[in-house]
Amino acid sequence: MSTDPNAPKLVKLIMALRRDGIHDTRVLAAMERVPREKFAPQSYKHLAYENQSLPLGLGQTLSQPFVVAKMSQELALKPNSRVLEVGTGSGYQAAILAHLSQRVTSIERIPELHHSARARLLSLEIYNTDLHLGDGFLGWPSGAPYDGIILTCAPDSVPQELFAQLAIGGRLVAPVGNQNDRQSLKVYTRKSETKLSAKTLGLVQFVPMLGGLSS
Ligand code: SAH
């Protein structure tokens, strides 16, 4: 029998994710394996397995588990995929992606968040992530092309630089636009060198994607 006091809450969360349409067993397994309480600030750890977003400090947000799972599922990653994330934040989404792919490159513009995410992922013995301090509007060209690109902050429209770093057959998942602080969750698939298809999945709420490094 498990002695982890969070185990019953985690079981409940996984059941809620399944009920809400998360059917990818690799995504569900990753959500089970990554301890979300390690990514939540001290005063919110007791809410880590509730299906809700949590404040990270510095005006940033740890996304809701359902949204993390949904975006991860939409990326349709394979064990040998390479993925780019814009908006490392706590590193939670990066940790989930690390279980689903070969290598995760993740960019954050706020130095404090970048440094603490790096320390956190190492303490969890997650070694297949490359975390960079930088401006996500530029992507990370030296690792391109990526099989998946995920934005966890919302631009008005997806920067061309990011589309340019998406492999043929690859998917880019992002919250786009702004209607009363909500965005459309979009999934783009690169069909060929010149062709992208797009679908919209519904409304989500993310912090804005801001240009330049935070000082
Ligand atoms: N994926 C995170 C949640 C991130 S919140 C997690 O799992 O915890 C969104 C993050 O995007 C914030 O940390 C914010 O600083 C960052 N961000 C906003 N604009 C950015 C940009 N242009 N480049 C890189 N990061 C950016």
Principal semi-axes in Å for the range 133-182 [√(5λ), Cα gyration tensor, largest first]: 20, 12, 8
Dipole of the chain, positive direction: furthest Cα of SER197, GLY89, SER157, with charges on the beta-carbon: SER197
Selected from TYR44, TYR188, TYR146 as most flexible by GNM, with the chain as the system and alpha-carbon contacts under 10 Å: TYR44
Angle in degrees between helix 65-75 and the longest Cα principal axis of the chain, rounded to the nearest 10: 40 degrees
Alpha carbon convex hull of the chain, projected area averaged over orientations, nm²: 11.7 nm²
Rg/Rh for the range 56-113, where both radii come from Cα atoms and Rh is the Kirkwood radius: 0.97
Coil-residue trypsin sites (Lys or Arg not before Pro) of the range 147-215, DSSP, other Cβ within 10 Å capped at 16: LYS191, LYS195
The range 132-215: mean projected area of Cα convex hull, nm²: 5.6 nm²
Rg over Rh, two decimals, the range 23-102 (C-alpha only, Kirkwood Rh): 0.95
Cα gyration tensor shape for the range 172-215, rounded if a/c is under 1.5, else prolate or oblate: oblate
GluC sites (Glu not before Pro) lying in DSSP loop within the range 63-141, provided at most 15 other Cβ fall within 10 Å: GLU125
Computed label-point distance, nm, for sites GLN205 and ASN6 using a 7 Å Cα→Cβ extension: 2.3 nm
Hypothetical label at ALA167: residues of the range 97-117 whose amide nitrogen lies under 18 Å (7 Å Cα-Cβ projection): 97-106
Inter-label distance for LEU213 and GLN179, nm, one decimal - labels placed 7 Å from Cα along Cα-to-Cβ: 3.8 nm
Distance from the range 52-119 to the range 19-43 (C-alpha centre basis), Å: 12 Å
The range 7-204, accessible area per residue, ligands and nucleic acids excluded (1.4 Å, Å²): 46 Å²
Percent carbon-and-sulfur accessible area, the range 7-204, ignoring ligands, DNA and RNA, probe 1.4 Å: 51 percent
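The values are calculated or read from the model by the stated rules, or taken from the named source; none is laboratory data. Remember, it's a predicted structure, so these values are computed and weren't measured experimentally. Here the Cβ is made from the backbone with ideal geometry for all residues, glycine too, and neighbour counts use every protein chain on show. Ligands, DNA and RNA are excluded from the accessible area calculation, which covers all protein heavy atoms including side chains. Shrake-Rupley method; radii C 1.70, N 1.55, O 1.52, S 1.80 Å.
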